[in-house]
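The next block holds one structure in the form of structure tokens; read it before the comments.
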Amino acid sequence: MMCRRDLLTAVGALGAAALVGLPLPAQACDLHLAAALDHLMQDEKLARDLYTQLSVEWGLPVFANIAASEQRHMDAVAQQLRAYGLQDPTRGLGPGELVDGELQEAYFGLLELGLGSVEEALLAGAMVEDLDIHDLDKLKGLAAGEPALLRMVEQLRCASENHMRAFVGQLQQRGVVFTPSHISQAELGRILAAPQGGCGGGGKGRGRGQGGGQGRRQAG
């Protein structure tokens, strides 16, 4: 069962709206999709806050650029949350703060990794995008029948591929190979072979950040 307008809520609110001139209620949402949107919003905040910190630490433009992109993605997800009458789980939280305990732990782990060296910072970025793409593919299945949401998911997936190419490209320049843990090696190869592209609208989704992607230096 996908997101839909709850008939009883809509009918009840219609009477109230007629009395006070209020708009109709937001679209009701299936619990699985509601949880997925909640999680996605926290994914985006994790990515934005992580990349912001790594930008300050290492001064690489790739981190500042993608952090700014992540803010736009948070804005896009927030719009979907409002459309379904859902609360923003990141509202009122400071930098690096997350409601989900696993995501909070993942943020600290990725930040610790990324502060170790430039190469490890880039690895942390690629790990976020690895899991992000995987999670967006799962969310896409829940978004069937929801055209606006599906467009956003596809835009986030497109931009996440752009970000993966950016991070892995920087790693390759430094002689480091990234191996994904969530998407397949074949899918990574397809992403890296594709050109950077415009994704329109909301852009990219961020990852949960718990990916176990591995990096190793190339011989010689």
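The values are calculated or read from the model by the stated rules, or taken from the named source; none is laboratory data. Keep in mind it's a predicted model, so treat the numbers as computed, not measured. A quick note on method: Cβ atoms are made from the backbone with ideal geometry, for glycine too, and the neighbour counts reach across all protein chains shown. Side chains included, ligands, DNA and RNA excluded: accessible areas come from the protein's heavy atoms. Shrake-Rupley method; radii C 1.70, N 1.55, O 1.52, S 1.80 Å.
So, in the range 111-125, how many residues would count as being over 24 Å from MET152 (Cβ atoms) and open to solvent by less than 10 Å² (accessible area, probe 1.4 Å)?
Final tally of qualifying residues: 4.
Just checking, which of ALA166, ALA144, ALA148, ALA121 is of a type in the set (Gly, Ala, Ser) and assigned to a loop (DSSP other than H, G, I, E, B)?
Residue meeting the stated conditions: ALA144.
Just give me the residues in the range 56-96 being surrounded by 14 or more Cβ atoms within 10 Å (Cβ to Cβ), touching a residue at least 24 places away in the same chain (Cβ under 8 Å), in contact with a Ser or Thr (Cβ under 8 Å, 6 or more places away or on another chain) and more than 27 Å from HIS32 (Cβ to Cβ), in sequence order.
Correct list: PHE63 only.
Whether any residue in the range 83-98 is over 15 Å from the mean Cα position of the chain (by Cα), modelled with pLDDT under 95 and part of a helix (DSSP H, G or I) is what I want to check.
The answer is yes; a qualifying residue exists.
Just checking, which of VAL128, VAL99 is open to solvent by less than 50 Å² (accessible area, probe 1.4 Å), of a type in the set (Val, Ile, Thr) and in contact (Cβ under 8 Å) with a residue 12 or more places away in the chain?
VAL128
Any idea how many residues of the range 138-153 are touching a residue at least 24 places away in the same chain (Cβ under 8 Å), charged (D, E, K, R) and open to solvent by 40 Å² or more (accessible area, probe 1.4 Å)?
Residues in the range 138-153 being touching a residue at least 24 places away in the same chain (Cβ under 8 Å), charged (D, E, K, R) and open to solvent by 40 Å² or more (accessible area, probe 1.4 Å): 2 in total.
Restricting to the range 157-191, give me the number of residues that are open to solvent by 50 Å² or more (accessible area, probe 1.4 Å), of a type outside the set (Ser, Thr, Tyr) and under 19 Å from the mean Cα position of the chain (by Cα).
Total satisfying the criteria: 1.
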